[in-house]
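K.L.:
Dropping the structure in here first, questions after.
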Amino acid sequence: MDLPAEHTALIRQRLSGLDFDELRRRAQDVERELYNLGITFIVYSEKDAVDRILPFDIIPRVISAKEWTHLEAGVTQRVTALNLFLHDIYHDQKILKDGIIPRDLVEGNHNFRPQMIGLDVPFNTYIHIMGTDLVRDRFGTFRVLEDNGRVPSGVSYVVENRHMMQRVFPDLVQDIGIRPVDNYGHKLLDAMMEIAPTGVDDPQVVLLSPGTYNSAYFEHIFLAREMGVPLVEGRDLVVENDRVYMKTTNGLAPVHSIYRRLDDAFLDPRAFNPDSLLGVPGILDAYRKGNVALANAIGTGVADDKAVYCYVPRMIKYYLDQEAIIPNVDTRICREPDALQYTLDHLAELVVKPVGEAGGYGITIGPRASKAELDDCRAKLLADPSNYISQPVVDLSVCPTVTDDGIEPRHVDLRPFAITGKNTWVLPGGLSRVALKKGTLIVNSSQGGGSKDTWVLEGGAA
């Protein structure tokens, strides 16, 4: 069990009143409902299975009020430091001049955008929506595994998982005292309106999606609906006189604030990738002149780079004069000769990750890799060491999970979501991803993982 018994006593008591067949029946009800509601994601690598539901385990993950207070403070601290870092590197670059972070690691990063240098953004907030991946080690300590500061996804499952539990398991949820999650859309809309250009009384917010073939398209629909704003694609927007407009049946309508689910490279073909058909030509000029707000800001990818991640505790100390509330997983940057040699010498014991990949792709888990896989990893490290980091295998905490063979422990992680406009608000709980395959540590949905409802108990229940 992942938490002390006192936090889960009532829940375990209620679960024990149901036999396994009843749990399986309810789990099957959930799967049918997920299909019927179209709560899916897309796996591009499998031509025969494009749309998939995210498997959902009906036994919730429970976090005490005290534990959540600690996590909430840690996530807020981290977002604050990363926003200070982004403002600094696009302005005075003090942290680079003081040698806290290597200059080439920042300016040589493919996500560094020179177009952002000297540009002021509202409240100095660059990362408005952030997903922080946390794991808990064998000693019960939560650690940050990675930061997601570009276009973090998964929050729709947090809200839908709660709705699912309330429909399928009302007898389990009743009178537990769980902090709500269904106000995320309102909080997001508030932040989007806060960052809109000054002098606009009723800002028009839109959600910009790459379109129906994006793996998170369901989430784009969900969040636009939750905010009550139009869902648009690049072809629906146009820039005239450095102002953004939306095409409507009544003509062009001004747009003031855009929640974009589109990477920098595809956002403006005039400024970035000229082959992009997904973006809006000229939107960078409108942004630079303060006529439209973008969330997240352009250039935030530097902050969620896996090599820069290693320096976040130093950022926190540098900007806030505080120790990190949630520590990092111990990490070696293979661009450094000593770290590269250590990684090569201990390859069979470590997890090696490419800096630029996401979704669990490109990872080599040493203790579970074949000799051929280790040899391949070694060759890649020697060919391009700066593209890799290495970490010890974290013995992830487990949660009870319904499997074909009964209730068994499965490894989990946690992605809390923080929204920042003028201030930061953290959604209580977050996305608990579970490694459904026995023995695996990879929880990513694209690699066969699923999710759980995450319950943060109210103060009295903790």
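The values are calculated or read from the model by the stated rules, or taken from the named source; none is laboratory data. None of the values given here were measured: they were computed from a predicted structure. Here the Cβ positions follow ideal geometry from the backbone for every residue, glycine too, while neighbour counts run over all protein chains shown. Just so you know, the surface numbers come from the protein's heavy atoms only, side chains and all, with ligands and any DNA or RNA stripped out. Shrake-Rupley method; radii C 1.70, N 1.55, O 1.52, S 1.80 Å.
K.L.:
Can you list the residues, at least 5 places off or on another chain, whose amide H is less than 5 Å from the amide H of TYR388, using H built in the peptide plane?
P.N.:
Hits under the 5 Å cutoff: CYS334, ARG335, VAL355.
K.L.:
Under 29 Å from the Cα of LYS437, which lysines turn up, not counting those fewer than eight places away in the same chain?
P.N.:
LYS47, LYS306, LYS353, LYS371, LYS380, LYS452
K.L.:
Applying the Karplus parametrisation 6.51 cos²θ - 1.76 cosθ + 1.60 with θ = phi - 60° to the phi angles of the range 269-285, what ³J(HN,Hα) value in whole Hz is obtained for each residue in order, glycine and proline being reported as x?
P.N.:
Values, residue by residue: x, 6, 9, 10, 7, x, 8, 5, 9, 9, x, 10, x, x, 5, 4, 4 Hz.
K.L.:
In whole Hz, what ³J(HN,Hα) sequence does the range 175-183 give by Karplus (6.51, -1.76, 1.60; θ = phi - 60°), x for Gly and Pro?
P.N.:
These are the phi-based 3J(HN,Hα) values: 6, 7, x, 10, 5, x, 10, 7, 9 Hz.
K.L.:
Within 11 Å, Cβ to Cβ, of VAL30, how many net charges do the neighbouring residues add up to if Lys/Arg are +1 and Asp/Glu are -1?
P.N.:
Net charge around VAL30: -1.
K.L.:
Here's another thing I want to ask about it. Hey, can you rank 366-373, 60-67, 167-174, 328-335 by average C-beta count inside 10 Å, highest first?
P.N.:
The peptides rank, most packed first, as 60-67, 328-335, 167-174, 366-373.
K.L.:
Label the range 155-274 by shape, choosing from rounded, prolate and oblate, from the square roots a ≥ b ≥ c of the eigenvalues of the Cα gyration tensor; if a/c is under 1.5 it is rounded, and otherwise prolate applies when a/b is larger than b/c, oblate when it is not.
P.N.:
Prolate.
K.L.:
Can you check what the net charge comes to around LEU344, using other residues whose Cβ is under 13 Å from the Cβ of LEU344 (Lys, Arg +1; Asp, Glu -1)?
P.N.:
-2
K.L.:
Right, here's the next one. Using a/c under 1.5 as the rounded threshold, could you call the chain rounded, prolate or oblate? The axes a ≥ b ≥ c are square roots of the C-alpha gyration tensor eigenvalues, and prolate needs a/b larger than b/c, oblate otherwise.
P.N.:
In terms of gyration-tensor shape, oblate.
K.L.:
May I ask you to order 302-308, 342-348, 320-326 by the average number of other C-beta atoms within 10 Å around their residues, highest value first?
P.N.:
Listed from highest to lowest mean packing, they are 302-308, 342-348, 320-326.
K.L.:
Same structure, new question: Could you sort the peptides 28-36, 423-431 by per-residue average Cβ neighbour count (10 Å cutoff), highest mean leading?
P.N.:
423-431, 28-36
K.L.:
On to the next question. Cα atoms only: what Rg and Dmax, in Å, come out for the range 77-200?
P.N.:
19.3, 59
K.L.:
Still on this structure, please answer the following. Roll a 1.4 angstrom probe over the protein heavy atoms and tell me the percent of accessible area of the chain that is carbon or sulfur.
P.N.:
48 percent
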